[in-house]
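No lab work stands behind these numbers, since they all come straight from the coordinates. On a predicted model such as this, the values are computed, not experimentally measured, just so you know. Quick reminder, even Gly has a Cβ in these numbers, built from the backbone with ideal geometry, and neighbours come from all protein chains shown.
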Amino acid sequence: MTDGQRILCVLTGALVTLVIRALPFVVFRGERRIPAFITWLGGQLPHAAMAMLLVYCMKDMDFSHPSGAFPMLLGTLVTVLVHVRFRQTMCSIVSGTATYMLMIRLMP
């Protein structure tokens, strides 16, 4: 890929991102009300994205050896518990990641 093609790819990605981000403001500007379905969808999509990320991250879990599944399961459990307790997204992500990284370093 040449430098010109790389620049074109970056510019295309930036333009598409800009259009996608600006489109709701253009479509629902002024007095126009947001449909109930769109509002509902906006509430559901973050949960669906997290579920897809969880499935993607755990799809290759190896149960044949304790060090294969245990760190991932413990990291996930810590993430969920910290989030349920404190409702701080960054705190739960950091604590779960730190637990996972510590466990994969300490497990034989």
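Annotations
- The slack between ARG21 and LEU41, meaning 0.36 nm per residue of separation minus the straight C-alpha distance, is 5.6 nm.
- Residues in region 31-40 carry Karplus couplings, in order, of 7, 5, 7, 7, x, 4, 4, 5, 4, 4 Hz; the curve used is 6.51 cos²θ - 1.76 cosθ + 1.60 with θ = phi - 60°, and Gly or Pro positions show x.
- Over the chain: helical MRE at 222 nm, DSSP H runs n ≥ 4 each giving -39500 (n - 2.57), nearest 500: -28000 deg cm²/dmol
- Listed residues LEU18, LEU74, LEU54, most fluctuating in the chain (Gaussian network, C-alpha, under 10 Å): LEU18
- Highest-MSF residue in the chain out of VAL26, VAL55, VAL94 [GNM, Cα springs under 10 Å]: VAL26
- The chain: angle of helix 66-86 to the longest principal axis, Cα-based, in degrees nearest 10: 60 degrees
- GNM top mover of THR39, THR17, THR79 - the chain, alpha-carbon springs below 10 Å: THR17
- Which labelled figure in (1) 0.91; (2) 1.15; (3) 0.95 is Rg/Rh (Cα atoms, Kirkwood Rh), once derived from the coordinates: (2)
- Separation in nanometres of the label points that stand 7 Å from Cα toward Cβ, at VAL84 and ALA49: 2.4 nm
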